[in-house]
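The structure appears right after this line, and notes come after that.
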Amino acid sequence: MRTPRLRVDRERCIGAGMCALTAPEVFDQDPDDGLVLLLHGEPSTDHRAAARMAAGVCPSGAITLHEPESSGS
């Protein structure tokens, strides 16, 4: 099974911090500018649900989660 991959767009981020509050194991905020920092681009199984939720609650849409396509075998 392939692991989902996260991407962040720091240019789009507004520093709301919802990602770091929702999934602190996966995201943090830069202490200098408050923008998103991606700690783990491939979240572990234990953190995938929180990472997915963080992407969904991001007010600027700066986080995307790319789910690998499952093979139909």
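None of 6, 39, 35 is in contact (Cβ under 8 Å) with a residue 60 or more places away in the chain and among the hydrophobic types (A, V, I, L, M, F, W, C) except 6.
The single condition from (1) modelled with pLDDT of 95 or more; (2) in a loop (DSSP other than H, G, I, E, B); (3) under 10 Å from the mean Cα position of the chain (by Cα) that residue 40 fails is (1).
Among the conditions (1) part of a loop (DSSP other than H, G, I, E, B); (2) within 9 Å of the chain's Cα centre (by Cα); (3) of a type outside the set (Asp, Glu), the only one that residue 60 does not satisfy is (2). Among the residues of segment 35-47, is there at least one that is surrounded by fewer than 16 Cβ atoms within 10 Å (Cβ to Cβ) and on the phi > 0 side of the Ramachandran plot? No: zero hits. The set of residues from segment 45-69 being touching a residue at least 12 places away in the same chain (Cβ under 8 Å) and small (Gly, Ala, Ser) comprises 50, 51, 54, 55, 60, 61, 62. Condition check for residue 19 on (1) in contact with a Phe, Trp or Tyr (Cβ under 6 Å, 6 or more places away or on another chain); (2) of a type outside the set (Gly, Ala, Ser); (3) exposed (fewer than 15 other Cβ atoms within 10 Å of the Cβ): one failure, at (3). Counting the residues of segment 53-73 that are out of contact with any Pro (no Cβ under 6 Å at 6 or more places or on another chain) and at pLDDT below 95 gives 7. Mind listing whichever residues of segment 9-19 are touching a residue at least 24 places away in the same chain (Cβ under 8 Å) and touching a strand residue (DSSP E or B) at 6+ places or on another chain (Cβ under 7 Å)? Within segment 9-19, 10, 13, 19 qualify.
The values are calculated or read from the model by the stated rules, or taken from the named source; none is laboratory data. Because the structure is a prediction, the values reported are computed rather than measured. Reconstructed Cβ throughout: ideal geometry from the backbone, glycine too, with neighbour counts over all protein chains shown.
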